[in-house]
Amino acid sequence: MKAAVLFEAKKPLEICDVTIDKPGPHEVLIRTVACGVCRSDLHFVDGAYPTPLPAIPGHEAAGIVEAVGDEVRTVKVGDAVVTCLSAFCGHCEFCVTGRMSLCISNDTKRARDAAPRLSLNGDPVHQMLNLSAYAEMMLVHEHACVAIDPDMPLDRAALLGCAVTTGAGAVFNASPVTPGETVCVVGCGGIGLAAVNAAKIAGAGKIIALDPVPEKRALAEKLGATHSFDAMAENTIPEVVELTKGGVHHAIEAVGREASAQTAVKVLRRGGTATILGMMPLGSQVGLSALDLLGSKKLQGALMGGNRFPVDIPRLVDFYMRGLLDLDTIIADRMPIERINDAFDELRKGDAARSVITFG
Ligand SMILES: [Zn+2]
Ligand SMILES: [Zn+2]
């Protein structure tokens, strides 16, 4: 099968003919239909985060089930599925206490001495983030995908695999937003736009979007932002505090930079919560001051939006089908796998909302 392989960080991906194994007892073979191009992949491609190589990136995908292992009960051949990198074992402490997105059990992976899921000329190729979706096929654990409504268009469904589940999860699971509360979203890429849209669905009062790019601010307003400001402008923080009469109840950071994380803390009102979603460079720090703590402000991470994806993703599909979740506006471009390196260049420029790789 055709796949985009990363052999060396800071080098372009190469399209190769990769061999994919047959499903083991708890595995699912999926024909990839679409895969979103997420900034987290760029961190590995550009070498900011270490990862074993060669590997196939891609972790925001949807497709059709081609084959299942003997023990698989959750999906069947022909099902439309969305994958999620938050593969969960179902029996560790995190899983049984309802925080399955924190599961790090190796039980969803193949044993070290077993045949690899992916290989190239007989040598193993690493599966990135449990998925490796920049490929015509994916071989994943059954707890890394969920069946969805077959009427859902799969190029839009792909975005539910990472960006939208993360942005919406910050609003629905991690915050969570009560109707009428104010929300400020810092950064209007795929995750930030999803957070804006989810805040509208949750019935937030003022929804304030911050981004330096005017086109992205316009998209945020289309998706439900009541106000938007240039994130880089000098007066933005005091303006947000003034507009909300003392700061917002919830700030959601969706960029992955120290400065934007600090902005999320600074726009909070007393008792407010900042949720940092962006993947910051390793070694980054963000904190609360003595006065922030006296004001009962809270700062938290929310890996992948604290999702319970087998429940969350079908609900998000339902929101799309009812016209509440606007995935059409979030997608800026669709392109074949041969243009994957162009898609990363677009992401480095930072202008587009979301590119999606489509297959077949
Ligand atoms: Zn992602
Ligand atoms: Zn687990």
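The values are calculated or read from the model by the stated rules, or taken from the named source; none is laboratory data. Quick caveat, the model's predicted, so the values are computed rather than measured. Because the Cβ atoms are built from the backbone with ideal geometry, glycine has one as well, and the counts that use them run over all protein chains shown. Just the protein is used for accessible areas: all its heavy atoms, side chains included, with ligands, DNA and RNA removed. Shrake-Rupley method; radii C 1.70, N 1.55, O 1.52, S 1.80 Å.
How far is the Cα center of segment 289-360 from the Cα center of segment 115-146, in Å?
The distance from the Cα centre of segment 289-360 to that of segment 115-146 comes to 22 Å.
Could you give the longest part of the chain that holds none of the trypsin sites (Lys or Arg not before Pro) found in DSSP loops with at most 12 neighbouring Cβ atoms within 10 Å?
Values: sites that count: 10, 73, 76, 112, 245, 322.
Longest site-free region, per DSSP loop and neighbour criteria: 113-244.
Local charge sum around residue 63 (other residues, Cβ-Cβ under 10 Å, Lys/Arg +1, Asp/Glu -1)? Walk me through the numbers on the way to the answer.
Numbers: positive: 31; negative: 66, 79, 136.
Summing Lys/Arg as +1 and Asp/Glu as -1 gives -2.
Give the relative contact order (percent, whole number) for segment 167-303; include only Cα pairs under 8 Å separated by 6+ residues.
23
Over its Cα atoms, what ratio of radius of gyration to 2.2 N^0.38 Å does segment 225-268 give? Don't jump to the answer; show the numbers that get you there.
Values: Rg = 9.9 Å, N = 44, 2.2 N^0.38 = 9.3 Å.
Rg over 2.2 N^0.38 Å, computed on Cα atoms: 1.07.
Can you spot the aspartates and glutamates whose alpha carbon is less than 18 Å from residue 10's alpha carbon? Ignore those fewer than 8 places along the same chain.
Result set, ordered by chain and number: 41, 46, 338, 342, 345, 346.
Between rounded, prolate and oblate, where does segment 210-360 land on the alpha carbon gyration tensor, with a ≥ b ≥ c its root eigenvalues, rounded for a/c under 1.5, else prolate if a/b exceeds b/c? All intermediate terms of the calculation are to be shown ahead of the outcome.
Values: a/c = 1.72, a/b = 1.60, b/c = 1.08.
Judged from the Cα gyration tensor, segment 210-360 comes out prolate (a/c at least 1.5, a/b above b/c).
For a quick check of your reading of the filter: which GluC sites (Glu not before Pro) in segment 5-88 sit in a DSSP loop and have no more than 14 other Cβ atoms within 10 Å?
On the way: sites: 8, 14, 27, 60, 66, 71; in loops: 8, 60, 71.
Listed in order of number, the matching sites are 8, 71.
Of all the C-alpha pairs in segment 289-360, what % are more than 21 Å from each other? Intermediate results must be reported in sequence, preceding the final value.
Details: 1464 of 2556 pairs.
The proportion of pairs with Cα distances above 21 Å equals 57 percent.
Below 8 Å between Cα atoms, with a sequence gap of 6+, how large is the relative contact order for segment 92-174 in percent?
Numbers: 34 pairs, mean separation 11.3, N = 83.
In percent, rounded to a whole number, it is 14.
What value, in deg cm²/dmol to 500, does the helix sum -39500 (n - 2.57) over DSSP H runs of n ≥ 4 give at 222 nm once divided by the residues of the chain? Each step should come with its number before you reach the end.
Details: 12 runs with 93 residues, N = 360.
Calculated mean residue ellipticity at 222 nm is -7000 deg cm²/dmol.
If you put +1 on each Lys and Arg Cβ and -1 on each Asp and Glu Cβ, how big is the dipole of the chain around its Cα centre, in Debye rounded to 20? Present the calculation step by step, with values, prior to reporting the outcome.
On the way: 34 positive and 42 negative charges, 186 e Å.
Roughly 900 debye, rounded to the nearest 20.
Please state the shape class of segment 250-330: rounded when a/c is under 1.5, otherwise prolate if a/b exceeds b/c and oblate if not, all from the C-alpha gyration tensor.
Working: a/c = 2.40, a/b = 1.95, b/c = 1.23.
It comes out prolate by the Cα gyration axes.
Based on Cα positions only, what radius of gyration and what Dmax would you give for the chain, in angstroms?
Final numbers for Rg and Dmax: 19.9, 63 Å.
Amide H to amide H, which residues 5 or more places from residue 181 or on other chains are under 5 Å from it, using H placed in the peptide plane?
Residues meeting the amide H criterion: 205.
So, counting K/R as plus one and D/E as minus one, what does the shell of residues with Cβ under 13 Å around residue 22 add up to?
Working: positive: 110, 117; negative: 21, 27, 66, 70.
Local charge sum for residue 22: -2.
With no solvent and one point per C-alpha, what does the Debye sum give as log10 I(q)/I(0) for segment 12-166 at q = 0.10, 0.14 Å⁻¹?
Those come out to -0.33, -0.66, one per q.
At 1.4 Å probe size, with every protein chain present, just tell me what the per residue accessible area of segment 14-85 comes to in Å².
Details: 2790 Å² over 72 residues.
Per residue, segment 14-85 has 39 Å² of solvent-accessible surface.
Quick check for me: using +1 on Lys/Arg Cβ and -1 on Asp/Glu Cβ, what's the dipole size of segment 209-295 about its Cα centre, in debye to the nearest 20? Please report the intermediate quantities before stating the final value.
On the way: 8 positive and 10 negative charges, 50 e Å.
So the magnitude is around 240 debye.
Just add up the charged neighbours of residue 40: K/R +1, D/E -1, any other residue whose Cβ is under 12 Å from the Cβ of residue 40. Can you show the working numbers first?
Values: positive: 39; negative: 41, 46, 60.
Taking every Cβ under 12 Å from that of residue 40, the sum is -2.
Using a Gaussian network model of the chain whose springs link C-alpha atoms within less than 10 Å, name the residue from 128, 152, 137 with the highest mean-square fluctuation.
Between 128, 152, 137, it is 152 that shows the largest mean-square fluctuation.
Of the cross-linked pairs 266/298; 206/349; 245/297, which ones have a Cα-Cα span greater than 20 Å in the structure shown? Don't skip to the end; give the middle numbers.
Values: 266/298 11 Å; 206/349 30 Å; 245/297 16 Å.
Among 266/298; 206/349; 245/297, the Cα-Cα distance tops 20 Å for 206/349.
Go through 347, 293, 80 and say which Cα lies farthest out towards the positive end of the charge dipole of the chain; charges sit on Cβ, +1 for Lys and Arg, -1 for Asp and Glu.
So the residue furthest toward the plus end is 293.
Considering only 360, 313, 226, whose Cα is most displaced toward the positive end of the charge dipole of the chain, charges sitting on Cβ of Lys, Arg (+1) and Asp, Glu (-1)?
It is 226, whose Cα lies furthest towards the positive end.
Averaged across orientations, what area in nm² does the convex hull of the alpha carbons in segment 114-197 project? Intermediate results must be reported in sequence, preceding the final value.
On the way: hull surface 32.6 nm².
If you wrap the Cα atoms of segment 114-197 in a convex hull and average its projections, you get 8.1 nm².
What ³J(HN,Hα) values, in whole Hz, does the Karplus curve 6.51 cos²θ - 1.76 cosθ + 1.60 give for segment 2-12 when θ = phi - 60°, with x put for Gly and Pro?
Each residue's phi maps through the Karplus curve to give 7, 8, 9, 9, 9, 8, 8, 4, 6, 10, x Hz.
Can you list the residues, at least 5 places off or on another chain, whose amide H is less than 5 Å from the amide H of residue 252, using H built in the peptide plane?
184, 185, 186, 275
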